[in-house]
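Following: one structure in C-alpha cells, then a few remarks.
The values are calculated or read from the model by the stated rules, or taken from the named source; none is laboratory data. Model, not experiment: these values are computed from the prediction. Positions of Cβ are generated from backbone atoms using ideal geometry, with glycine treated the same way; all protein chains shown enter the neighbour counts. Accessible surface is based on the protein model in full, side chains and every heavy atom, while ligands, DNA and RNA are left aside. Shrake-Rupley method; radii C 1.70, N 1.55, O 1.52, S 1.80 Å.
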Amino acid sequence: MSARFVDVDRDTPMLLPVDMRDWVPEDDLVYFIIEAVHRLPLESFQINHRGTGDRQFPPHMMLALLIYSYANGLFSSRKIEDATHRNLAVRYLTGDTHPDHDTICKFRRENFNAFSKAFVSVLELAKELKLLKLGNVAIDGTHIKANASIDQNVTYERAQEIREQRQQDVADLLEQAETADKNDQESQKLPKEIARREKLITKMDRAIAELKQRAAVRDAKAQAEYEEKLKERQRKEQETGKKPSGRAPKPPKTGAENSNEQANLTDADARIMRKNKRAGFTESYNAQAAVDADGSQLIVGEHVSQSASDSTELENGINSIPAEVGTPKAGLLDAGYVDAEAIERVQESGIELYVSVHREDAHSERNYDYRPKKQSERPTKAIKDPRLLEMRDKLRTEEGKALYAKRNHTVETAFGIIKAVMGFRGFMLRGLEKVSGEWTLVCLSQNLKRLHQLKLAS
C-alpha cells in the first residue's frame, strides 16, 4: 500500500490577492500594538512636515514596528528590516512595505519624545481599561551592558601618555612626508597614517576633558564634606573646651591625576559596574524601573543612571512616575536605596516608604546553603540613625512584611522578562540621552506585551 502525502505546490500562483490577516492569529500582539500606537498624536513624532523629498514611512507604523520587534527580541535595525520580509505579523504591520535598516535606526534615534509620550499613553490606556490603579510600587535597578567594550577605558594619566605618543608619531610622519617630497619618493600611505593618529588624539582629548569634568564635580563634593567635618570638629571644641579625640580630617586629594577613574573611548557616558563582589566588571548603565505591585506588574516609571549603586536613585525613581499616572501610595525598595535624608524627604511628600535597612543576603538564613561559612566576616554596622531604626521597626510589622514581600514578584519579574524572555541585555545606542530613550522603548514594549496579556485574561 503506497503512502499518501499532501500536495505541496510551490509553482502555481494564487488566484486571488492574499488577506494577510488570515495568516496572523486573531489574538496576536500586533493588532493590540497597532491600535494602542494610533492613540498618539502626529505632532509627537520627528517628521518632515514640509513634505519635500521622498515619501516618508508613516510614523505610527514605524513606532509600532519598533515596539513589536523589541517585544519579540529583535533589537538590531538590520534584523528588524529582515523581519519585514520574513515575519508574517511584521509584514502585516508594515502593510507589506520594507523600511531599510538606516531608516529604522534614524527613526529610533530621533523620536525619543514620541517614546516617552507613548509610554504615558499606554499607562493611561491601562487606567481606562481598569487594569491599573496606582497604589504600591516596587522600585529597583539592573545593570544593562553599554554598546562599548570595557577594554576601551583609559585613566587620566594613560590618556595623556597616549596623546603625547601619538602627537610625536604625527610629528615624525610629517617629517617623513617632507623628506619624501624632497626626494620624490612614494608617500601615499602617510596621509592615512597621520589621519588615523590624529583621530586617536581627538579621542584622548575628549577622554581627558571628560575626566577633568568628573574630577571637578567630585572634588567640589569632597571639599564640602571636608569643610563640614572641620566645622563640626570646631563646634565640639568650643562646646567642651577640649580638642576632640581622634585624628583631624585630612584635606581631600583633588585633580583628575589623583583618581583611578576611567573614561570609555567608545561611549563616554557608560561606567564600569558590577552587580556584586562575586560578579565581574562590565561597561554598563544602571536601568531603573518602578513597577505596579498591586497586580498589573506594569512599569509605571523608568530612568537610566550612570551610578553603579542605587543609593542616589530613590527620589529619581519616585519622580520618574509621570504625573498623568498619579502619585503612588507607597514605595517598596531594597537595602541598596538606604538614604535617611532622601527617605525623610519622600515621606514628607506623602508617600509611605518601605525600605529594607539591611542587606537581605546578610541577614537571612537559607535552608539549602552548602557554601562554607566565612571564617572572618566583617561585623554589620549598628544602625544609629533614628529614621532608619523607625524604618526597620516598620518592616518588622505584619503589614510591613506583607507589603515588602510584593517587591520580589513585581519588579524582579519585570527585569526577568526583559532580560530572559525579550532577550534585552545590552543597549544598541550610545550616550546617556540615547540610552535613556532606548530604555523607554524597552519598558514601553514590555508594558504593551503585559497589557495585552491582561486584556486577554480579563
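Quick look at the numbers
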quantity	calculated
Filtered residues of the range 383-424 (kept if under 18 Å from residue 339 (Cβ atoms) and of a type in the set (A, V, I, L, M, F, W, C))	383, 388, 389, 391, 395
Out of 84, 142, sole residue that is under 26 Å from residue 297 (Cβ atoms) and touching a Lys or Arg at 6+ places or on another chain (Cβ under 8 Å)	142
Per-region count, the range 88-116, residues in a helix (DSSP H, G or I) and surrounded by 21 or more Cβ atoms within 10 Å (Cβ to Cβ)	7
Residues that are part of a loop (DSSP other than H, G, I, E, B) and polar (S, T, N, Q), drawn from the range 316-347	320, 327
Options 136, 111: the member that is under 26 Å from residue 337 (Cα atoms) and polar (S, T, N, Q)	136
Any hit, the range 124-132, residues being open to solvent by 20 Å² or more (accessible area, probe 1.4 Å), in a loop (DSSP other than H, G, I, E, B) and without any contact (Cβ under 8 Å) to a residue 12 or more places away in the chain	yes
Condition check for residue 270: of a type in the set (A, V, I, L, M) and within 22 Å of residue 334 (Cα to Cα)	no
Residues of the range 348-357 that turn out to be buried (at least 17 other Cβ atoms within 10 Å of the Cβ) and not in a strand (DSSP E or B), as a count	2
Residue match in the range 150-173 (condition: closer than 30 Å to residue 75 by Cβ, among the β-branched types (Val, Ile, Thr) and within 30 Å of the chain's Cα centre (by Cα))	yes
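Yes/no matrix, rows are residues, columns are (1) open to solvent by 80 Å² or more (accessible area, probe 1.4 Å); (2) free of Cβ contacts under 8 Å to residues at least 60 places away in the same chain; (3) out of contact with any His (no Cβ under 8 Å at 6 or more places or on another chain); (4) closer than 30 Å to residue 315 by Cα:
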position: 122; (1), (2), (3), (4): no, no, yes, yes
position: 134; (1), (2), (3), (4): no, no, yes, yes
position: 156; (1), (2), (3), (4): no, no, yes, no
position: 159; (1), (2), (3), (4): no, no, yes, no
position: 164; (1), (2), (3), (4): yes, yes, yes, no
position: 171; (1), (2), (3), (4): no, yes, yes, no
position: 195; (1), (2), (3), (4): no, yes, yes, no
